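A.B. asks: First, the structure itself, so that you have it in front of you.
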Amino acid sequence: MRPLRFWLRTERRDRDLDNELRFHIDQHVRDLMAKGVPQERARRQALIELGGVDQIKERVRESRVGGSLDRVRCDARDAWRALRRTPGTALTAVALVALVIGGNTTLFSMIHGILAKPARGVQAGHLVTLQPRTAGRVSFGHSYPDYLDYVAESRTFNHLLACDFASFTVGVPDGTYAFRGTKVTANYFDTLGVKLVRGRSFTDAESRLDASGLVAVVSYRVWQEQFSGIDAIIGRPITIDGHPATVVGVAPAGFQGTTLVELSQIWVPLLAYARIEGTERALDDRGRGSLFAIGQLAPGMSMAEAQAELSSIGGRLTATYPQTNQQRAVRTVPYSMTAGGNSLISERGGMFLAICSVITTLTVLIVCANVANLMLARAAVRQRETALRRSLGASRIAIVRSLLFEGLIVSAIACLSAYVFASWTARAVVRLFPPATGGAAMPLDFSPDWRVASYAMLVALLGTVTFTLPPAFRVWRQDLLPFLRAGEQGVVPGRSTLSTVLVIVQLAFAVLLLTSAGLAYRSIDLISTRNLGFPRENLLLATISTTGAATGTEASLGMIERVRERMSGAHGVRAVSYARFVPTMPGSLWPDQPIRVPGMNVPVRAWLNYVGPDYLQVLALSPAAGREFSGTDSAAQPVAMINRDLADALWPGEPAIGRTLLLGAEQRPLEVVAVAPNALYSGYGTQARPNFILLPERQRRGAVPGLISLYIRHTGSLDAAAAEIRRALRDVDTRIPIVYMRTLDTELDAATWPVRFIYILLTLFAGGSLLIATAGQYAVIAFDVRRRTRDFGVRMALGASSNQIISSVLRQGLVWSVSGLASGFVLSAAIGQALRGVLFGITPTDPGTYIGVLTVLFAASLLACLIPARRAARISPMQALRHD
């Protein structure tokens with residue numbers, strides 16, 4: 001602290017140094033005068049022998065404790081004064097750097113919030129997600145027997161939980177509700193470090209198959225809304241899927257489970273629920289996996305050790321159970337809200353991260369190139385000043401150091417502004433995300449933390465080094481003599497090759513970002529305008545649950561049919577049907593089944609759905625041949641409806657009605673009773689001509705009461721149709737809740753949100769890069785025009801016209817534009833493959849996109865060049881030549 005206090009007292013130190021030097025000079029003068037030297041001559045001789053007061057002061061300052069800090073202070077002060085002399089350039093540089101740091105910090109906050117943050121309330125310090133993989137790809141989940149083997153054989157985990165997501169029909173005193181929930185092992189809350197605000201967690205006895213009664217933990221929201229936050233919540237009876245249960249605990253506020261999209265409001269013991277539901281046999285099937293597993297590492301254990309142990313256990317399971325565990329593996333990954341399961345983020349999170357990394361890198365480079373051009377122009381204007389400083393003794397290193405401090409000041413101010421900007425945009429961007437399963441808002445938190453702040457400072461530091469190097473390089477190579485001659489202009493003629501290269505580079509990066517944004521836009525446009533084969537307007541989807549109201553398959557089907565009949569006669573409703581799966585993207589819910597005909601060796605793949613009567617009618621379609629399903633179709637006489645493409649694949653050129661096809665691996669025979677028109681019954685398929693097979697809901701094997709979606713084609717308002725659905729459910733059975741209600745457009749938009757999200761990001765960054773690149777090109781052209789003022793004046797004095805001057809400037813600017821566009825298109829073709837996985841209907845080399853980008857950028861470049869070109873054409877020859 002003493003050196004620091006000494007360093008801070010600069011005025012006192014300088015005063016003491018002046019007094020000390022004055023004492024030594026006066027003493028030496030007295031000594032000379034004692035030898036007979038006159039006073040004036042003695043003082044002059046003393047100063048000469050001393051070697052210069054200012055030089056001595058500098059040497060003393062450098063030799064002091066804290067001398068380096070003193071130089072830093074002086075350099076920072078000089079840099080601040082230099083920036084204040086050119087406020088326009090300084091503010092422009094700050095704005096550009098703040099823009100890129102703010103945008104990149106916001107993007108990093110989003111990536112961190114989605115891919116790395118734990119769920120709210122979870123203590124994730126030592127948690128690891130056990131990610132199931134089959135044949136090298138992320139698969140759906142673990143089987144319960146495999147989980148038990150992991151628990152029994154693992155030594156690297158303190159705790160290992162398993163859970164399965166479900167939808168529950170919950171009866172509480174004020175009504176019946178559909179809640180997303182989780183079936184969990186007894187150690188669920190203890191492993192996650194979640195402390196319940198009321199009651200307790202589950203005991204081992206409550207989780208065993210012979211447990212005496214079903215218990216539940218409810219969320220804080222359910223406690224407040226459905227139970228009015230009463231203190232006597234513990235021990236309250238409720239019903240879960242028609243079974244009596246008791247509330248034993250309340251989760252803390254904000255905790256909704258472990259994943260991003262499967263938000264839970266109620267938790268029940270896994271084995272006890274399976275016993276009550278009669279699904280123990282399915283739970284014990286090693287070939288069926290739906291469990292999500294999280295482990296808590298034991299003290300001193302690393303994730304690599306856990307991975308090695310699980311790989312060893314997995315190898316033994318494969319050898320012991322080759323029929324079910326072949327090609328199965330487990331990968332340990334740090335726990336986060338999106339680390340497990342077969343969600344789109346789990347499968348393509350790395351690709352999204354790569355795309356975002358490319359975006360951030362490109363925008364940083366574009367802005368750094370632009371700020372570097374500003375600094376180069378500023379350095380060119382200050383060349384005479386720099387030459388004078390060097391002639392007076394300043395070293396190259398000292399001048400470069402001052403330039404570095406100017407960049408640090410710019411970056412520091414920009415970094416603070418960017419952090420404020422990122423904090424604001426992080427809260428606003430959450431609204432861009434679609435709802436999670438069941439329509440609830442995703443629990444996203446993009447607020448910047450210390451990691452985000454560190455990232456912002458790192459970007460600022462790298463940016464500072466990047467945009468201060470070009471002017472520093474110019475200063476290092478600068479020759480003094482031309483700028484010290486009397487009458488010499490402050491700016492010498494000639495162009496900066498480095499500035500030209502930077503303009504071309506930022507144009508190339510702008511092309512790359514604009515091309516990526518254009519590809520995403522074209523993809524979304526094709527999705528939005530694609531013909532599904534039936535009208536999507538006035539089609540309402542309502543997912544309901546019969547679990548708590550029906551005791552078996554027939555009762556469930558009877559309720560669904562009564563709801564359909566009740567809705568069919570409602571005002572403003574044209575047609576009603578139902579289906580097991582909603583039209584989302586194939587591969588998420590729709591089963592993909594092999595279809596054969598007798599004598600066929602290689603099966604045809606088709607998407608399968610179970611539907612109700614009038615399914616085609618509610619889609620405003622009619623069978624191309626045959627009949628629709630009716631209420632009399634049953635499992636005793638299995639029938640099927642196929643689309644035209646599948647009929648042509650199975651019986652080309654022949655009628656399909658009355659033929660028999662074989663479904664699935666067991667080759668179940670089905671009679672074709674209808675050929676449906678070709679339509680995208682499952683939404684946005686990746687195949688050009690997907691195959692579909694539709695079966696009556698009554699033929700679904702092992703059907704139990706559960707979720708099913710009503711399709712309502714209405715003619716009135718959406719609110720009126722929704723009210724009719726609620727009245728129909730209330731009339732049939734008050735225990736049937738609505739799980740999720742939405743239009744078909746909303747359903748399809750939610751299925752394509754990754755493409756839309758990437759498009760929004762790319763558009764924002766591409767628009768910013770276009771403005772920055774255009775401004776950068778304008779700045780360089782304008783500075784080049786300023787340096788060539790004398791040249792233009794001479795040419796106009798010799799007879800050159802204004803059009804010739806404009807053409808000369810435009811020619812130079814457009815050469816740079818063409819070079820940047822060509823380089824950008826090459827980069828786009830090379831890097832555009834990263835978007836292939838999320839593009840729909842187009843390739844990364846889509847000609848329409850490239851033509852549009854070429855038009856936009858060429859127009860922007862032409863504008864950037866035309867303004868300074870017209871300014872050059874208005875130069876007065878007499879004014880330009882006045883100083884010669």
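The values are calculated or read from the model by the stated rules, or taken from the named source; none is laboratory data. Bear in mind that the values here come from a model prediction, so they are computed numbers and not experimental data. Here the Cβ is made from the backbone with ideal geometry for all residues, glycine too, and neighbour counts use every protein chain on show. Just so you know, the surface numbers come from the protein's heavy atoms only, side chains and all, with ligands and any DNA or RNA stripped out. Shrake-Rupley method; radii C 1.70, N 1.55, O 1.52, S 1.80 Å.
A.B. asks: What is the Cα coordinate range of the range 214-279 on the first, second and third principal axes, sorted by size from largest, in whole angstrom?
C.D. replies: Each principal axis gives a Cα extent; for the range 214-279 these are 33, 30, 15 Å.
A.B. asks: Can you list the HN-Hα couplings for the range 110-117, worked out from phi with the Karplus curve (6.51, -1.76, 1.60; θ = phi - 60°), rounded to whole Hz and with x for Gly and Pro?
C.D. replies: 5, 4, 5, x, 8, 8, 10, 6
A.B. asks: Considering all alpha-carbon pairs of the range 263-303, what whole percent are spaced by more than 13 angstrom?
C.D. replies: Distances greater than 13 Å cover 69 percent of the Cα pairs.
A.B. asks: Under a 1.4 Å probe, what is the accessible area of the range 88-167 per residue, stated in Å²?
C.D. replies: Result: 37 Å² of accessible area for each residue.
A.B. asks: Local charge sum around THR185 (other residues, Cβ-Cβ under 13 Å, Lys/Arg +1, Asp/Glu -1)? Write down the numbers at each step before the final one.
C.D. replies: Values: positive: LYS183, ARG208; negative: ASP164, ASP190, ASP204, GLU206.
Spelling it out: positives minus negatives among the neighbours equals -2.
A.B. asks: Assuming R0 = 22 Å, what is the FRET efficiency of ASP733 and ASP174, from their Cβ-Cβ distance, to the nearest 0.05?
C.D. replies: On the way: r = 17 Å, r/R0 = 0.77.
Result of the calculation: an efficiency of 0.85.
A.B. asks: Quote the convex hull volume per residue of the range 537-630, based on C-alpha atoms, as a whole number of Å³. Mind showing how you got there, number by number?
C.D. replies: Details: hull volume 14.9 nm³, N = 94.
It is 158 Å³ per residue.
A.B. asks: A follow-up question, please. From zero outward in steps of 10 Å, how is the percent of C-alpha pairs of the range 185-236 spread across the bins?
C.D. replies: 22, 48, 29, 2
A.B. asks: Quickly work out the ASP525-to-ALA205 label distance, labels modelled 7 Å from Cα along the C-beta direction, and quote it in nm with one decimal.
C.D. replies: The modelled label-to-label distance comes out at 6.8 nm.
A.B. asks: Once the mean 1/r over all distinct Cα pairs of the range 757-799 is inverted, what Kirkwood radius in angstroms do you read off? Intermediate results must be reported in sequence, preceding the final value.
C.D. replies: Working: mean 1/r = 0.0783 Å⁻¹.
One over the average 1/r among Cα pairs gives 12.8 Å for the range 757-799.
A.B. asks: Same structure again: Quick one: length gained pulling ALA282 to ARG536 fully straight, 0.36 nm per residue minus the C-alpha distance? Please report the intermediate quantities before stating the final value.
C.D. replies: Numbers: separation 254, 0.36 × 254 = 91.44 nm, distance 3.79 nm.
87.7 nm is the gain from fully extending ALA282 to ARG536.
A.B. asks: Then there's this: Which value, in nm² and rounded to one decimal, describes the direction-averaged projected area of the C-alpha convex hull of the range 109-208?
C.D. replies: 9.7 nm²
A.B. asks: Taking N as the number of residues in the range 650-796, what value does Rg over Cα atoms divided by 2.2 N^0.38 Å take?
C.D. replies: Against the compact-globule rule of thumb, the ratio is 2.05.
A.B. asks: Shifting gears a bit: List the equivalent ellipsoid semi-axes of the range 256-328 in whole Å, largest first, each obtained as the square root of 5λ for an eigenvalue λ of the Cα gyration tensor.
C.D. replies: Its equivalent ellipsoid spans semi-axes of 26, 22, 11 Å.
A.B. asks: Treating only the Cβ atoms of Lys and Arg (+1) and Asp and Glu (-1) as charged, compute the dipole magnitude of the range 180-333 about its Cα centre; round to the nearest 20 debye.
C.D. replies: So the magnitude is around 180 debye.
A.B. asks: What is the distance in Å between the Cα centres of the range 733-787 and the range 184-210?
C.D. replies: The range 733-787 and the range 184-210 have Cα centres separated by 43 Å.
A.B. asks: So what are the ³J(HN,Hα) numbers for the range 667-672, from phi and the Karplus equation (6.51, -1.76, 1.60; θ = phi - 60°), rounded to whole Hz, Gly and Pro as x?
C.D. replies: My calculation for the range 667-672 gives 6, 6, x, 9, 8, 7 Hz in order.
A.B. asks: Another question, if that's okay. Quick one: which residues, 5 or more positions from ASN158 or on another chain, have an amide H under 5 Å from its amide H? H modelled 1.01 Å from N in the peptide plane, none for Pro or chain starts.
C.D. replies: For ASN158, the qualifying residues are GLN296, LEU297, ALA298.
A.B. asks: Let me ask something else. So for ASP731, ASP648, ASP149, what's the accessible-area order with a 1.4 Å probe, most first? Kindly include the intermediate steps, with their values, before the conclusion.
C.D. replies: Numbers: ASP731 100, ASP648 65, ASP149 35 Å².
If we order ASP731, ASP648, ASP149 from most to least accessible, we get ASP731, ASP648, ASP149.
A.B. asks: Taking the solvent-accessible surface of protein heavy atoms with a 1.4 Å probe, what is the per residue accessible area of the range 578-663 in Å²?
C.D. replies: Details: 3620 Å² over 86 residues.
The answer is 42 Å² per residue.
A.B. asks: Just the C-alpha atoms of the range 604-732: what Rg/Rh do they give, with Rh taken as the Kirkwood radius? Present the calculation step by step, with values, prior to reporting the outcome.
C.D. replies: Working: Rg = 16.0 Å, Rh = 16.1 Å.
Taking Rh as the inverse mean 1/r over Cα pairs, Rg/Rh reads 1.00.
A.B. asks: Cα atoms only: what Rg and Dmax, in Å, come out for the range 206-346?
C.D. replies: Final numbers for Rg and Dmax: 18.5, 54 Å.
A.B. asks: Here is a follow-up. In whole percent, how big is the carbon plus sulfur part of the accessible area of the range 191-299, probe 1.4 Å, protein atoms only? It would help to have the intermediate numbers written out before the result.
C.D. replies: On the way: 2190 of 4480 Å².
Within the range 191-299, the accessible surface is 49 percent carbon and sulfur.
A.B. asks: Using +1 at the Cβ of each Lys and Arg and -1 at the Cβ of each Asp and Glu in the range 143-242, identify which of CYS163, LEU196, PHE179 lies farthest towards the dipole's positive end.
C.D. replies: Positive-end residue among those listed: LEU196.
A.B. asks: Hey, can you grab everything whose amide H is under 5 Å from the amide H of ALA676? Only 5+ residues off in sequence or another chain; H modelled, so Pro and N-termini drop out.
C.D. replies: Excluding prolines and chain starts, which carry no amide H, the hits are ALA624, ILE642, ASN643, ARG644.
A.B. asks: Tell me, what HN-Hα J-couplings in whole Hz come from the Karplus equation 6.51 cos²θ - 1.76 cosθ + 1.60 at θ = phi - 60° for each residue of the range 709-721, using x for Gly and Pro?
C.D. replies: Rounded to whole hertz, the list is 10, 7, 10, 10, 8, 10, 10, x, 7, 5, 5, 5, 5.
A.B. asks: Given a 1.4 Å probe and heavy atoms of the protein chains only, how would you sort GLU309, GLU280, largest accessible area at the top?
C.D. replies: Sorted descending by solvent-accessible area, the residues read GLU280, GLU309.
A.B. asks: Label-point separation (nm) for THR743 and ARG574, each offset 7 Å from Cα along Cα-to-Cβ?
C.D. replies: Label-label distance for THR743 and ARG574, simple model: 1.5 nm.
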